[in-house]
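J.: Submitted below is the structure of interest, expressed as structure tokens.
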Amino acid sequence: MAQINPSILSADFARLAEEAKAVEGADWLHVDVMDNHFVPNLTLGVPVVESLSRATGTPLDCHLMIEDPDRWAPQYVEAGAGSVTFHAEAAAAPVRLAREIRAKGARAAMALKPATPVEPYEDLLPELDMLLVMTVEPGFGGQAFLDIMLPKIRRTRELINKHGLELWLQVDGGVSESTIERCAEAGADVFVAGSAVYGAEDPAQAVRTLRRQADRTIASAPWACNH
Ligand SMILES: O=C(CO)[C@H](O)[C@H](O)COP(=O)(O)O
């Protein structure tokens with residue numbers, strides 16, 4: 001089954017609680033944390049995640065686009081995040097960090113920027129609950145989907161299946177009605193969508209449409225025969 005995670009980067013930050021309610025029925029709410037160092041943009045931090053976790057019943061999927069995630073990631077678990085994603089390019093000790101996130105009770109995920117290959121991380125995959133393949137350069141919503149990431153999604157899916165892992169494969173950036181099927185066909189099963197959801201007239205309907213498209217594709221995808 002596909003999971004659709006609306007990204008609040010495209011929501012109205014002055015009305016975050018209402019914007020979270022507008023997508024009830026989504027699997028997770030994707031929270032983009034940016035520090036203006038790891039990426040050239042600044043969004044929100046631990047206090048906002050704490051408030052948001054009280055304001056919505058939808059679990060929070062926090063994507064940390066920050067330096068020094070080894071220090072900060074555990075605080076996002078304590079703030080109420082159900083899943084915490086750190087970047088491979090930023091983590092000093094990714095295995096220790098993933099274990100710490102899990103020990104604190106959240107799902108541990110690692111993200112790869114477009115130029116970061118997955119192969120060097122093959123042995124780490126069992127330590128993770130999800131791998132995020134970025135399909136834009138992180139930092140901003142509303143960018144065009146990078147088709148050149150499709151082979152990396154395929155290779156990641158092959159590694160997951162080769163090792164028989166229960167690892168979710170997330171894609172983030174430019175995911176929309178016109179790109180989600182290509183991502184699902186290549187092997188993704190968790191889809192972050194910002195502008196395609198919050199830019200739609202009916203965000204909850206946009207989530208349902210994306211999920212239907214992805215589910216249909218996954219049902220006939222060769223990679224998913226044992227999924
Ligand atoms: O991580 C992100 C940007 O770094 C966002 O989650 C992503 O860009 C979502 O926005 P959109 O679906 O509009 O591309």
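J.: Given 37 °C and 0.692 mPa s, how large is the Stokes-Einstein diffusion coefficient of the chain in µm²/s, with Rh as the Kirkwood radius over Cα pairs? Don't skip to the end; give the middle numbers.
T.: Details: Rh = 17.2 Å.
Estimated via Stokes-Einstein, D reaches 191 µm²/s.
J.: So what is the 222 nm mean residue ellipticity for the chain from helices alone, if each DSSP H run of at least 4 adds -39500 (n - 2.57) and you divide by all residues, rounding to the nearest 500 deg cm²/dmol? Mind dumping the intermediate values first?
T.: Working: 8 runs with 77 residues, N = 227.
The per-residue figure over the chain is -10000 deg cm²/dmol.
J.: Which far-off residues, 5 or more places away or on another chain, put their amide H under 5 Å from the one on H87, with H placed in the peptide plane?
T.: Distant-sequence amide H within range of H87: I66, A111.
J.: Please give the FRET efficiency for E158 paired with R15, using the beta carbon to beta carbon distance and R0 = 35 Å, rounded to the nearest 0.05. The partial results should precede the final answer.
T.: Values: r = 42 Å, r/R0 = 1.20.
So the FRET efficiency works out to roughly 0.25.
J.: What is the packing order of peptides 168-179, 138-149, 31-42, taking the mean over residues of other C-beta atoms within 10 Å and listing the highest first? Kindly include the intermediate steps, with their values, before the conclusion.
T.: Details: 168-179: 22.7, 138-149: 16.2, 31-42: 18.3.
Ranked from most to least packed, the peptides come out as 168-179, 31-42, 138-149.
J.: Calculate the spin-label point distance for E119 paired with S220, positioning each point 7 Å from the Cα along the beta-carbon direction, and give it in nanometres.
T.: The two pseudo-label positions are separated by 3.3 nm.
J.: Quick one: length gained pulling R212 to L165 fully straight, 0.36 nm per residue minus the C-alpha distance?
T.: Details: separation 47, 0.36 × 47 = 16.92 nm, distance 2.45 nm.
Full-extension gain reported as 14.5 nm.
J.: Determine the distance separating the Cα centre of region 98-155 from the Cα centre of region 188-220; give it in Å without decimals.
T.: Each part's Cα centre sits 19 Å from the other's.
J.: To continue, here is another question. Mind checking the dipole of the chain: about its Cα centre, +1 per Lys or Arg Cβ, -1 per Asp or Glu Cβ, Debye to the nearest 20? Can you show the working numbers first?
T.: On the way: 20 positive and 32 negative charges, 81 e Å.
Roughly 380 debye, rounded to the nearest 20.
J.: Rank by packing, highest mean first: peptides 93-105, 122-134, with packing defined as the count of other Cβ atoms within 10 Å averaged across residues.
T.: Numbers: 93-105: 16.3, 122-134: 19.5.
Final packing ranking: 122-134, 93-105.
J.: Students often get this wrong: which residues of region 36-55 have the backbone nitrogen under 14 Å from the point 7 angstrom along Cα-to-C-beta of F140?
T.: Flagged as within label range: 39-42.
J.: Still on this structure, I have one more. How would you rank R154, R71, R211, going from fewest to most other Cβ atoms within 10 Å of each one's own Cβ? Mind showing how you got there, number by number?
T.: Values: R154 15, R71 11, R211 19.
Ranking R154, R71, R211 by Cβ neighbours within 10 Å, fewest first, gives R71, R154, R211.
J.: Nearest-5 percent of antiparallel DSSP beta bridges in the chain?
T.: On the way: 1 of 33 bridges.
Within the chain, antiparallel bridges account for around 5 percent of the total.
Bear in mind these aren't lab numbers, they're just calculated from the coordinates by the rules spelled out. All values reported here derive from a predicted model rather than from experimental measurement. Positions of Cβ are backbone-derived with ideal geometry, glycine not excepted, and every protein chain shown enters the neighbour counts.
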